[in-house]
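**Student:** Got a structure for you, questions after.
The values are calculated or read from the model by the stated rules, or taken from the named source; none is laboratory data. Since the model is a prediction, treat every value here as computed from it, not as a measurement. Using ideal geometry, Cβ is built from the backbone for each residue, glycine included, and neighbour counts are taken over all protein chains shown. Side chains included, ligands, DNA and RNA excluded: accessible areas come from the protein's heavy atoms. Shrake-Rupley method; radii C 1.70, N 1.55, O 1.52, S 1.80 Å.
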Amino acid sequence: MSVQNTIPLVYDNILTSGPDFHLQGGYCPDCDRYYFPIKESCMECLGSVDKADLGKRGIVYSVTTIRTRPPLGLPQPYSVAYVDLENVPLRVFSLMDPSEAGQYCIGQTVELKVAPLGLNNNKQVCLRPYFRSISSPQETDRMS
Amino acid sequence: MVAIIGVGIIPFGQHLERSIVAMAMEATLAALKDANIPKGTIGACYFANAFGGMLFGDTTIGQNLTAAMGIRKIPVVNVENACTSGSSAYYLARHAILAGECEVALVVGSEKMCVPDFGLINSGATELDTLLGMVVPAGFALRAQRHMYEYGTTVEQMAAVTIKSRAHAALNPYAQFRKIETLEQVLNAPMIADPFTRSQCCPIADGAAALILASDNFAAKYNRAVTIKSSVLTSGFYDNQADITHWDTDYYTANLAYEKAGLGADDIDLVECHDAFTFSEILHYEALGLCPEGQGGQFVASGQASLGGKTPVNVSGGLLSRGHPIAATGIAQIVELVTQLRHEAGDRQVGNCRTALAQCMGGDKMGDAKSCTVTILSK
Ligand SMILES: [Zn+2]
């Protein structure tokens, strides 16, 4: 039995089925526009939106670390980022691997992981998607 | 055109024993006294409050205020628009007068936030971003980090916003934080969200502020009246992959307000802007055209945003030092502009202040603001 069958996911319809999780979002073929999370209708044409596999890799566009008392049972500290996805023109807000909190840089390539992390609004442990590093930053020189 | 003929404000901070209505009434009485009109003159009331429903289960509080003051029968509109709740109420009141629905309108914002476990504000408990750990400081910290990366903006430049804010607030008896802070103190305060220390995040507060707006006709007999040159309210662009160092919503709203007023950034003698975090103020300098894009850090570090500088910004202390009782903030900004334009600001008076601008932003949706207001006033 997979872990996803016993622990609720933090938000419905944001992942393709495992075990190799990808982000799942929406795509409007008429407007050639992607959404994450999927929407009931396209915000441009108001037509229906298809499910779309958004892949699992991206590049950090910006990142910060929250060091104050965290919400939702998240670890202290925890990092969050905007990640530009590799396969589709979409920037997503994302949690980062707590074991690497504070170590991320703009330009770094990251990959999706899914694991129990923090609590949901019912105060239950839940699965959250987060990104973790798979390479050193591409442009660390610009950060110094 | 529409004019402001009365302003009222109470000191921002903790008012643990006072209700939303009690604070609103004190600010309203001060504004009525300032305008020298009886309560019966008020033809409409626009009341702003953002958190009363969530924290206390109180809604339609505007009528609780007017009923308590024996102000009867008039239209009362309750406004919630995040941090622009107060400035949106003002926007609507001006329209009521422009439409000829009333001669005099009361605008009042009152907020009580100092309750146990208030925590960090988020953008809605069931939104995916919130569930993935988005809190308000994080949204601005992400913008700051990208700005540092693209333009070389430094933590010292951001700290300069707090240092300036405290120095200004020391001159404002209505501000919450009135002690001078040094660079070391700002940078060594506990880290909230990189690169913001606690000193770089605005405090929550209780407080209230009020305005009396009147038609040109009614205001003609007031030599302390201040004219509203323009007042705009917009909502977000909600673009994905937008450049977060160039906030389109902010630029668009500022330009619209300049266009409607027939004025430009060079005409502005004083700005009150939405400095919820140090870096937000830096972004607003750029969007308001006070300095070239990317140079907001240098603008503040070189003293150009200080009292006596090129364009003094947040001489009241702003959100960072005056405090940020959400729905009172947008109105408090206008109270400051009116006080300055009347040359009644005492120690913090901006010399030769003739035209002034207030900018406010609220909410978070898809990485964008949900609302933005800019108003330009002149004497
Ligand atoms: Zn579409």
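**Student:** Please work out whether segment A:3-143 counts as rounded, prolate or oblate from its C-alpha gyration tensor, where a ≥ b ≥ c are the square roots of the eigenvalues and a/c under 1.5 means rounded, while otherwise a/b larger than b/c means prolate and anything else oblate?
**Tutor:** It comes out oblate by the Cα gyration axes.
**Student:** For segment B:252-267 and segment B:138-184, compute the distance between their C-alpha centroids and round to whole Å.
**Tutor:** About 26 Å separates the Cα centre of segment B:252-267 from the one of segment B:138-184.
**Student:** Using θ = phi - 60° and the Karplus form 6.51 cos²θ - 1.76 cosθ + 1.60, what ³J(HN,Hα) does each residue of segment B:338-345 get, whole Hz, x for Gly and Pro?
**Tutor:** Per-residue couplings from phi come out as 4, 4, 5, 5, 7, 6, 10, 8 Hz.
**Student:** So which lysines can B:LYS221 reach, going by Cα to Cα under 19 Å and dropping same-chain residues fewer than 8 places off?
**Tutor:** In chain and number order, the partners are B:LYS33, B:LYS39, B:LYS229, B:LYS379.
**Student:** A further question on this structure: Once ligands and nucleic acids are excluded and a 1.4 Å probe is used, how much of B:ASP368 is accessible, expressed in Å² to the nearest 10?
**Tutor:** Solvent-accessible area, nearest 10 Å²: 10 Å².
**Student:** Keeping all protein chains in the complex and leaving out DNA, RNA and ligands, what accessible area do you get for B:HIS343 with a 1.4 Å probe, in Å² to the nearest 10?
**Tutor:** My reading of the accessible area for B:HIS343 is about 90 Å².
**Student:** Restrict the search to segment B:1-88; then list the GluC sites (Glu not before Pro) that DSSP places in a loop and that have at most 14 other Cβ atoms within 10 Å of their Cβ.
**Tutor:** B:GLU17
**Student:** Placing +1 at every Lys and Arg Cβ and -1 at every Asp and Glu Cβ, with all other atoms neutral, what dipole size does segment A:3-143 have around its Cα centre, in debye to the nearest 20?
**Tutor:** It comes to approximately 600 debye.
**Student:** OK, next. To the nearest 20 Debye, how big is the dipole of chain B about its Cα centre, given +1 on the beta carbon of each Lys and Arg and -1 on that of each Asp and Glu?
**Tutor:** Its charge dipole is roughly 1260 debye.
**Student:** Heavy atoms only, probe 1.4 angstrom, no DNA, RNA or ligands counted: give me B:THR245, B:THR126 ranked by accessible area, highest first.
**Tutor:** Solvent-accessible surface, decreasing: B:THR126, B:THR245.
**Student:** Per residue of A:57-63, what is the mean number of Cβ atoms on other protein chains within 10 angstrom of that residue's Cβ?
**Tutor:** Whole-number average of other-chain Cβ neighbours for A:57-63 is 4.
**Student:** Relative to the first principal axis of the alpha-carbon coordinates of chain B, what is the inclination of helix B:136-151, with its axis defined by its Cα atoms, in degrees from 0 to 90 and to the nearest 10?
**Tutor:** 50
**Student:** For helix B:278-287, what angle does its Cα long axis make with the longest principal axis of chain B, in degrees from 0 to 90 and rounded to 10?
**Tutor:** That helix lies at roughly 80 degrees to the long axis.
**Student:** For peptide B:365-371, what's the mean number of Cβ atoms from other chains within 10 Å of each residue's Cβ?
**Tutor:** 1
**Student:** Measuring from the lowest to the highest alpha carbon on each principal axis, how far does the protein assembly as shown reach, largest first, in angstroms?
**Tutor:** 77, 49, 47
**Student:** Continuing with this model, one more query. At q = 0.06, 0.11, 0.12 Å⁻¹, what is the log10 ratio I(q)/I(0) for chain B, with the Debye formula run over Cα points and no solvent?
**Tutor:** For chain B, the Cα-only Debye profile gives -0.19, -0.69, -0.83.
**Student:** Let me know the mean shielding of B:139-147 by other chains, meaning the per-residue number of their Cβ atoms within 10 Å of its Cβ.
**Tutor:** Other-chain Cβ atoms within 10 Å of each residue's Cβ, averaged: 5.
**Student:** With unit charges on the beta carbons (Lys and Arg positive, Asp and Glu negative) and the dipole taken about the Cα centre of chain B, which residue among B:PHE56, B:ALA254, B:ASN217 sits farthest to the positive side?
**Tutor:** B:ASN217
**Student:** Given the options A:THR68, A:THR16, A:THR109, state which has the largest fluctuation in a GNM of chain A using a 10 Å cut-off (strictly under) for Cα springs.
**Tutor:** Checking each option, the largest mean-square fluctuation is seen for A:THR68.
**Student:** Next up: Using the crude model of +1 on Lys and Arg Cβ and -1 on Asp and Glu Cβ, and no other charge, please compute the dipole size for segment A:49-126 relative to its Cα centre, in debye to 20.
**Tutor:** Roughly 320 debye for segment A:49-126.
**Student:** To the nearest 10 degrees, how steep is helix B:20-35 against the longest Cα principal axis of chain B, on a 0 to 90 scale?
**Tutor:** It is inclined by approximately 70 degrees.
**Student:** Identify, among A:ILE66, B:ASN240, B:CYS45, the residue whose Cα sits farthest towards the positive end of the charge dipole of the protein assembly as shown, taking +1 on the Cβ of Lys and Arg and -1 on the Cβ of Asp and Glu, with the dipole about the Cα centre.
**Tutor:** In the protein assembly as shown, that residue is B:CYS45.
**Student:** So, one more: Under a 10 Å cutoff between Cα atoms, tell me which one of A:GLY58, A:GLY47, A:GLY102 has the largest fluctuation in the Gaussian network model of chain A.
**Tutor:** Result for chain A, Cα springs under 10 Å: A:GLY47 fluctuates most.
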